[in-house]
Amino acid sequence: MVGSANLNIMIKAARRAGRALVKDFREVENLQVSMKGAGDFVSRADLNAETLIKEDLMGARPTYGWLGEEGGGAEGQDPTRRWIVDPLDGTTNFLHGLPHWAVSIALEHKGQIVAGVVFDPAKDEMFFAEKGAGAWMNESRLRVSGRSKMIEALFATGLPFGGRSDLPETLTEMARVAPACSGIRRWGAAALDLAYVAAGRYDGYWERRLNAWDIAAGLIILREAGGLAEPIEPEKDIVADGTIICANEALFSPLAKLVRG
Ligand code: 2AM
Ligand code: CA
């Protein structure tokens, strides 16, 4: 697919940050002996990746606004456009030497996500989409799965970590969904969970308490691949509320019904 100039800038930035992160990822395993050492190292890798991405994106489009997980937000000279960036989604996996993490970059225009890139450098999988142009992984067009029976469906979710208060809700949701489907996975990188639903690897996904940078890019990839998505409380906005239920068209309603109870 021939993408817009902006999409090409996003893909280039994701590749550059991805290369730096892969180098750091190889180092992490050597640092596991000292947990604090590894934690500090990963924080630096994360910050460094955001700096590289910011250099590329703001260098090419200096008037756009910015929202990054590490560097916070800044309105641009052009208040209608904003980059939304998670330099390292799946930090805990990265820290533990698990090759399941991604760079996530989205472009928002007038409050709508118009382009998204989720890059998994460890597997060299570049997921991307632009509004109206479909979703892609490397050279292949993406399409959500064709499964329509709940009992054959594989879903992903996220479990609250670090003493978060929404654990009981999530466990209740899992108790309703698990008996109805063929399995639930929890891999800890929301951007990849969304990209995997877009690719038909998972049939659906739900999670609470996400940040804009975790979901912005994955959401347009999912929708351009034919997926449906809503927040857990349907009248809200996914990115603002930070909750999501998504699936292919056939499974969206049954999954949403179980998650919402
Ligand atoms: P992050 O790595 O960018 O922080 C999914 O559960 C989301 O929660 C992930 O996309 C991850 O984004 C975030 N998260 C933050 N801390 C986490 C932790 N300790 N374990 C799992 N996910 C975590
Ligand atoms: Ca992050």
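When the alpha-carbon atoms of the stretch 5-141 are used, the pair Rg, Dmax equals 15.2, 48 angstrom.
For a quick check: sort 136, 83 by the number of other beta carbons within 10 angstrom, fewest at the front.
Numbers: 136 22, 83 27.
The order, fewest Cβ neighbours first, is 136, 83.
Counting neighbouring beta carbons within 10 Å and listing from fewest to most, the residues 181, 246 come out as 181, 246. With neighbour counts taken as other beta-carbon atoms within 10 Å, the residues 151, 113 rank, fewest first, as 151, 113.
The stretch between residue 60 and residue 5 holds 18.8 nm of extra length on full extension. This uses 0.36 nm per residue minus the Cα-Cα distance. Net length available on complete extension from residue 23 to residue 236 is 72.7 nm, with 0.36 nm assigned per residue and the Cα-Cα distance removed.
When shorter helices are ignored and each DSSP H run of at least 4 residues is given -39500 (n - 2.57), the per-residue value for the chain at 222 nm works out to -13000 deg cm²/dmol.
Between the listed residues 30, 64, 96, the Cα displaced farthest toward the positive end of the dipole of the stretch 5-141, a dipole computed from Cβ unit charges relative to the Cα centre, is found at 64. Note on the stretch 5-141: lysine pairs with Cα distance below 24 Å, sequence gap of 8 or more or different chains, count 12. On the principal axes of its alpha-carbon atoms, the chain has extents of 47, 47, 34 Å, going from largest to smallest. When only the Cβ of Lys, Arg, Asp and Glu is charged (+1, +1, -1, -1), the dipole of the stretch 39-158 relative to its Cα centre reaches about 580 debye.
List the GluC sites (Glu not before Pro) within the stretch 102-154 that fall in a DSSP loop (any state other than H, G, I, E or B) and whose Cβ has at most 16 other Cβ atoms within 10 Å. Provide the component values of the computation, followed by the final result.
Numbers: sites: 108, 125, 130, 139, 152; in loops: 139.
In loop regions of the stretch 102-154 (DSSP not H, G, I, E or B), the sparsely surrounded GluC sites (Glu not before Pro) are 139.
Only four residue types carry charge here, +1 at the Cβ of Lys and Arg and -1 at the Cβ of Asp and Glu. Report the dipole size of the chain about the Cα centre in Debye, rounded to the nearest 20.
Details: 30 positive and 35 negative charges, 92 e Å.
The dipole magnitude comes to about 440 debye.
Placing unit charges on each Cβ (+1 for Lys and Arg, -1 for Asp and Glu) gives the stretch 150-260 a dipole about its Cα centre, and among 253, 221, 180 the Cα reaching farthest toward its positive end belongs to 180. Taking a point 7 Å from the Cα of residue 159 along the Cα-to-Cβ direction, the residues of the stretch 97-136 with backbone N closer than 19 Å to it are 97-101.
Please figure out what share of the DSSP beta bridges in the stretch 5-141 is antiparallel and state it in percent, rounded to the nearest 5.
Of the beta bridges lying entirely in the stretch 5-141, close to 90 percent run antiparallel.
Each residue, residue 249 and residue 43, gets one label point 7 Å from its Cα in the Cβ direction; the gap between the two is 4.8 nm.
Values quoted throughout were computed directly from the atomic coordinates according to the rules given, and no laboratory measurement underlies them. Only a predicted model underlies this, so the values are computations on that prediction, with no experimental measurement involved. Cβ coordinates were reconstructed from backbone atoms using ideal geometry, including for glycine residues, and neighbour counts include every protein chain displayed.
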